[in-house]
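Data block below; observations after.
The values are calculated or read from the model by the stated rules, or taken from the named source; none is laboratory data. This one's a predicted model, so the numbers in the text were calculated from it and none came from an experiment. Glycine also receives a Cβ, built like all others from the backbone with ideal geometry; neighbour counts cover every protein chain displayed. Calculation scope for accessible area: heavy atoms of the full protein, side chains included, ligands and nucleic acids excluded. Shrake-Rupley method; radii C 1.70, N 1.55, O 1.52, S 1.80 Å.
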Amino acid sequence: MGERYWEVDAIRGIALIGMIVYHLLACMVIFHMIVEDEEFLTYYGTINIASASFVLIAGVALILRHARKKGRTTQEYYRSIIIKALFLFIVAIGITIVTKIGAELILHNDVYVKFGFLHMLSISILLSLPFLRFGKWNILPGIIIVLIGILLIPQITAPEWLYPLGIHGAEFTDTTQDYFPLFPWFGVLLIGIALGDIFYPNGIRSFRFPNAGKVGKFFSRIGNGKVTLAVYLAHIPVIFVVLWIISQITGIGYI
């Protein structure tokens, strides 16, 4: 078994907390507790930093996961990644179904998660399999895909059924939540794989780093893979229920 490096889990834990704050703000907007003005949106936009950190660490984790599979065949390593990615995709489809039902029954609209974070992450992990052999050189296709996603894809508005790639009309983002297209986010994952190979070649840390203190241990526990997924799936329903209770008790906010 390869060593588990606390700093990797800690960064993922910090990114998770960033996502929780973002979703708290989003739910408060739904409950009309805060106004979505320009000043608010500047803070709202910081979700990209947390998301990028999360996806980069997912790429690094693919390199570390390979080290923890020593003694097993390459096929077994790839099979374990495919199983994990398919599990995440099934969870993502479940999120789509639940948010669509919730939008219709509770919010009385058709705004739901069509291609969210877990959709993107699961498919990106599957697409990354042929790239893993290139290690640090994934920095090149990663940067190219990010630039295409930022500079080129937004100029293409049709056909809209290619929205998983980032191709859509101007009104599409008003009909979906938690939207993370493959361009540029798949590129971010490839950059994470490259960083993993640079800083953790063969799953071994290539630099000196202090031991985790109390704060580091706290964030690394949150950032442990299984804990992270459980918190990610649970936090939005919990936030929604808490805000609903507050609105019912205080009269502040409504749907």
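The calculated FRET efficiency for the pair SER206 and VAL98, based on their C-beta separation and a Förster distance of 45 Å, comes to about 0.60. Surface composition of segment 148-226: carbon plus sulfur atoms hold 63% of the accessible area, using a 1.4 angstrom probe and ignoring ligands, DNA and RNA.
In segment 73-192, Cα pairs under 8 Å separated by at least six residues give a relative contact order of 30 percent.
The mean sequence distance of close C-alpha pairs (under 8 Å, at least 6 residues apart), as a share of the length of segment 140-255, puts its relative contact order at 20 percent.
Once you have the Cα-Cα distance between PHE87 and VAL111, take 0.36 nm times their residue separation minus that, and quote the gain in nm to one decimal. Can you show the working numbers first?
On the way: separation 24, 0.36 × 24 = 8.64 nm, distance 2.44 nm.
Answer, rounded to one decimal: 6.2 nm.
Among the DSSP helices (H) of the chain, those spanning at least 18 angstrom by Cα along their long axis with an average Kyte-Doolittle hydropathy of 0.5 or more are 6-30, 47-67, 74-102, 182-199, 225-250; this is a geometric and hydropathy rule only.
Given R₀ = 30 Å, what would the calculated FRET efficiency be for ASP174 paired with ARG221, taking r from the Cβ atoms and rounding to 0.05?
Working: r = 38 Å, r/R0 = 1.26.
For R0 = 30 Å, the calculated efficiency reads 0.20.
Going 7 Å from the Cα of ASN48 in the Cα-to-Cβ direction, what parts of segment 141-165 have a backbone nitrogen less than 15 Å from that spot? Once the point is set 7 Å along Cα→Cβ of ASN48, 146-155 turn out to lie under 15 Å by backbone N, inside segment 141-165.
For the ranges 55-66, 203-214, 182-193, what's the packing order if you count other beta-carbon atoms within 10 Å of each residue, average per peptide, and put the highest first? Please report the intermediate quantities before stating the final value.
On the way: 55-66: 22.7, 203-214: 10.4, 182-193: 24.8.
In decreasing order of mean packing, 55-66, 203-214, 182-193 become 182-193, 55-66, 203-214.
Could I get the Rg over Rh figure for segment 106-255? Both from C-alpha atoms, Rh via Kirkwood, rounded to two places.
Details: Rg = 19.8 Å, Rh = 18.6 Å.
Result: Rg/Rh = 1.07.
Counting Cα-Cα pairs of segment 44-144 in 5 Å increments starting at 0 gives whole-percent bin shares of 2, 11, 17, 19, 18, 13, 8, 5, 4, 2, 0. Percent of Cα pairs in the chain per distance bin of 5 Å, from zero to the largest separation: 1, 6, 11, 16, 19, 16, 13, 8, 6, 3, 1, 0, 0.
Solvent-accessible area per residue in the chain equals 56 Å², computed with a 1.4 angstrom probe and all protein chains kept.
Relative contact order for the chain using alpha-carbon pairs under 8 Å, separation at least 6, rounded to a whole percent? Reported relative contact order: 34 percent.
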